[in-house]
Every structure is written in C-alpha cells, then in structure tokens.
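Peer 1: Once you've had a glance at the structure underneath, I'll fire off some questions.
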Ligand SMILES: Nc1ncnc2c1ncn2[C@@H]1O[C@H](COP(=O)(O)OP(=O)(O)OP(=O)(O)O)[C@@H](O)[C@H]1O
Ligand SMILES: [Mg+2]
C-alpha cells in the first residue's frame, strides 16, 4: 500500500502480555479500548478551534476503531458524545454541548463513513459532489453548482476516504493506479483521481443515486417536458424504436433512459451494459453487465464492446447501453440492424445532428476502413430517434429536441425535428419560459406505430401541443 496517509497503527502486544486494564475512571463507554496504547492521533481540521482539535486527538487516543465499527451509527454517535463529555470534563476543555455533538458526529462520520462527505451525501437536495483537493469542494444542488464549506483535514485525509470508497468495491486506488471508477453502497457513481495525476490533491466526483425516482410524471412536474411530449416518448419506447438520448454532461440522460425503460414490457428479456451500473430497471427479466478495467499488470480488461458482442449471444429482446462512447457503437448498430430493435442508449453530444456525427466517429473507431457511405447507411437504418436533453442555465433539465432519423439522401443522413423546444424568455425568477412545437410531419416510423396500434395515440398526443 502506498503512503496516502494511511495511519499505521502500532501492533498490540499479545493478549497475555497486555497490562490489565486500569479501572475505568467513570462510567465505562463501550467503545473505549481496554488498555489504550499510544496511537498517533490524526490532525483535526485546521479550521477547528484549539479545544476541538485537542478533544479530537484525546478521543482518538481512547477509541478502538474495531469496537466502534461494530456499533450502529446512532449508537456510536451517542457513545462518542458521552466520551467527549467525560474527556472535556476531565481536561477542563471548554466546548458547548452543540459543538460537542457536532464533534461526535464528525468523528463518527470519519470512523465508519466517508468523513466530511457524509452530510453532503445525506442532503437530498444535493445531486453531485465534486472534491477538487481537500479544501475545494463543490456541490450541485437544485441544478446549480455552488462551493461548499465542507473540507477535509488535508490531502492525506481525502485520499484515505477515496481509498475507503474504492476498497468497498474491491478496487484499489493509489499512486500506481490513481484513477478508479467505483460505486457507493447506495448505488451512487464515483470517480476518483489521485495525485500525481490530480495536481491539487485527490479528486472525488460523486453522482448521487437519486432516492426518489424521477419518472415521466415528475419530469413533467419539474418542467423537463410536457405531458404530450412524454406521451410521444412513451409511444416510441413501446413501439420498440431504437432510441439514443443525447446531451451534455449531467444533463439528465441516464435519468431519462431510466424513465423510458420503465415502459418496456415485462415479458421482454433485457440486457444492460454499463461501465458503472446506474440503470434501475423494474422488469423481472433483466441481465445486468458491467465492464471491468485492466488489472495492475494491464490484463483482464473487459470493454463495453466485448459485452455488446457477448450480449448478442444471450438472446436479448433489447440491449440497453448506459453510455455509448467508443467502438462498441459499431456492434450496437449491428445489433439494432439485426433484429434487436427497441435498443436504447445515451451519448454525449450537443444536438441531435452532433449525436449522429459522434456515432459516425465512434463507428469508424470500431470498423477499420469501412467507407463513410456504408457507415451512414448503417446508422440511418439502425437509429429511429434521437432525444436531445439539456441542462439549461436556470438549472432545469429539459428535453429540447426529439428528432427522427429518416434515411439517407446521397451521402447525407436526413433527420426531422418532430418536437422542438422554443425559448420565449425568462420569468421574474429567472426561470426559462418556452413552448414545445411539433412539426406536422408523418414520421418515417409510422408503419411501426400502426403495427403496434399506437398511431392514433401518437396523433392524439400531437393534437395536445
Ligand atoms: N429531469 C430532471 N429534473 C431534475 N433533476 C434531474 C432530471 N434529470 C436528472 N436529474 C438529476 O440530475 C443529475 C444528473 O442526471 P443524470 O445522471 O441522468 O445525467 P447524465 O446526463 O446521465 O450525466 P453523465 O453525463 O454524467 O452521465 C442527477 O442527480 C439527477 O437526479
Ligand atoms: Mg449518465
């Protein structure tokens, strides 16, 4: 293990040689080690008052981390508070009851949780946590990015927490492998980059798992789309169109994919492929696959492309690719063109047109030397729809474009905007106003709508615009 501040604990003498425990000074606190050997106390946060710092080290000298780890969170906090109170009394350290309680919470978070990140993880309004070094932490709350006053003691402290996160999913992160994707126990997605790659100290980026599911009804409430637009997307999913969801980083692509996937029939067999599993499908028959990074010797990597190829041998009704970002695009298109319709995926792009260009570039990576026209033919026949979503400057995530991929004219893929969001201004609170317009075109996939008996429903939804 390399030295990212992992505390070296002195080896305890064998049990028989250990001095008999001195009589406890006051009521015994069950987390206190019997004979407390001197242990190097970690430094308390620099911002803390001197009394807090002193109490922190005194407490850490007495607490046995193994015993502490066995207690449930609330109990540990209460016991720590009791211990802090005793120590403060004994050493005449002035700290208000509120500060003592806060100290107990911080120590408990550090011992059994993710330290200073715990309050941010508990805050439901926060969706993203971005640690850029020990004292530079940002959060996204209600769609807006802001600096948080939470901080780590130092770089080593942040690295210890990062290692704890990685270790929990059986990965390691240190100087020799300083970049890791992981997941928290609750499903939140985490990326870690340590020095020397990260120049200003450990970086930890957390996309929190949304406890409250965001389905179409909630998206309508949030103003992410309107009921008729939601209806069109539902119909598209039910008709097994091949759909890509495109948008910038954090724009809500995965969330929309989750919402769409909820409409898939329960009788279908679905295979999902992701780098870090984020999809939460409700169907009973789902096979979830996740990629694997190379090990330290550079071996054993399983890519998304490997998984897509393998998925084709698993008799899937649909393949869902969490994020298309490389040569697997080629295999995905092949799958879409060979009967695995209803396949879904997301990708990073700034418009539906850009999304097509990205797919083309990715397919080129995966199919050496295939002529451009052949690639475009594949794309045009595989993809049916691209949904563009955007995080707007007022913090709202909004579907701004629903386009159909129509076909090929010469060498150009033709597209039609079926629905587009038109910006109309801002209200007094700075919220963006606008409306959806539907183009009065019969989509190229009309035959499919008819086949599924949903053509009337489609027209009815358009009437409501
Ligand atoms: N329509 C929405 N309304 C409000 N919040 C949303 C909406 N969609 C997503 N969010 C929140 O925004 C955050 C980002 O969403 P999501 O993970 O879906 O984005 P993404 O585009 O997939 O991001 P990435 O590019 O990192 O994969 C999440 O915390 C999610 O809960
Ligand atoms: Mg995503």
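Values quoted throughout were computed directly from the atomic coordinates according to the rules given, and no laboratory measurement underlies them. Computed from a prediction, not measured in an experiment: that's the story for all the values here. Quick reminder, even Gly has a Cβ in these numbers, built from the backbone with ideal geometry, and neighbours come from all protein chains shown.
Peer 1: Using Cβ contacts closer than 10 Å as the measure, can you line up 52, 213 from fewest to most?
Peer 2: 213, 52
Peer 1: Against the longest principal axis of the chain, how steep is helix 328-337, in degrees 0 to 90 to the nearest 10, with axes from Cα atoms?
Peer 2: 40 degrees
Peer 1: Further question on the same structure: Order these by the 10 Å Cβ neighbour count, fewest first: 340, 266.
Peer 2: Ascending number of Cβ neighbours within 10 Å: 266, 340.
Peer 1: Sticking with this structure for a sec: Which angle from 0 to 90°, rounded to the nearest 10, does the C-alpha axis of helix 73-90 make with the longest principal axis of the chain?
Peer 2: With rounding to tens, the tilt is 30 degrees.
Peer 1: Between the range 190-238 and the range 359-386, how far is it from one alpha carbon centroid to the other, in angstrom?
Peer 2: What the calculation gives is 27 Å, centre to centre.
Peer 1: Determine, for each peptide in 361-367, 277-283, the mean count of other beta carbons within 10 angstrom over its residues, then list the peptides with the highest first.
Peer 2: Listed from highest to lowest mean packing, they are 361-367, 277-283.
Peer 1: Pop the C-beta distance of residue 78 and residue 460 into the FRET formula with R0 = 60 Å and round what comes out to the nearest 0.05.
Peer 2: Efficiency, rounded to the nearest 0.05: 0.55.
Peer 1: Which translational diffusion coefficient, to the nearest whole µm²/s, is obtained for the range 207-327 from the Stokes-Einstein equation, given a Kirkwood hydrodynamic radius over C-alpha pairs, 4 °C and 1.567 mPa s?
Peer 2: The Stokes-Einstein estimate is 83 µm²/s.
Peer 1: Could you please tell me the mean projected area of the C-alpha convex hull for the chain, averaged over all directions and given in square nanometres to one decimal?
Peer 2: The number I arrive at for the chain is 27.8 nm².
Peer 1: Fewest first, what order do 437, 398 take by the number of other Cβ atoms within 10 Å?
Peer 2: Ascending Cβ contact count within 10 Å gives the list 437, 398.
Peer 1: Output needed: percent of Cα pairs per 10 Å distance bin for the range 184-241, bins running from 0 to the one holding the longest distance.
Peer 2: Histogram of Cα-Cα distances, whole percents per bin: 20, 25, 26, 18, 12, 0.
Peer 1: Find how many whole Å separate the alpha carbon centroid of the range 85-113 from the alpha carbon centroid of the range 308-329.
Peer 2: That distance is 52 Å.
Peer 1: Does a label point 7 Å from the Cα of residue 427, set along Cα-to-beta-carbon, have any residues of the range 198-221 with amide nitrogen under 15 Å, and which are they?
Peer 2: Answer for the range 198-221: 220-221.
Peer 1: Can you tell me the orientation of helix 227-238 relative to the chain, as the angle in degrees between its alpha-carbon axis and the longest Cα principal axis, to the nearest 10?
Peer 2: 80 degrees
Peer 1: Based only on Cα atoms, what Rg/Rh ratio does the range 365-404 have, Rh being taken as Kirkwood's radius?
Peer 2: 1.22
Peer 1: Take every Cα-Cα pair in the range 294-405 and report what % of them are more than 20 Å apart.
Peer 2: That tail contains 45 percent of the Cα-Cα pairs.
Peer 1: Can you quote the Å³ per residue value for the convex hull of the Cα atoms in the range 91-233, rounded to an integer?
Peer 2: Roughly 151 Å³ of hull volume per residue.
Peer 1: P(r) tail for the range 216-463, what percent of Cα pairs lie past 27 Å?
Peer 2: 35 percent
Peer 1: Would you please state which residues of the range 384-407 a label at residue 145 would reach in this model, taking the label point 7 Å out along Cα→Cβ and a backbone N cut-off of under 12 Å?
Peer 2: none
Peer 1: Can you tell me what the convex hull of the Cα atoms of the range 360-465 projects to on average, as an area in nm²?
Peer 2: Result: 9.1 nm².
Peer 1: Moving on to the next point. Can you tell me the FRET efficiency between residue 215 and residue 93 if r is taken as the Cβ-Cβ distance and R0 is 35 Å, rounded to the nearest 0.05?
Peer 2: For R0 = 35 Å, the calculated efficiency reads 0.10.
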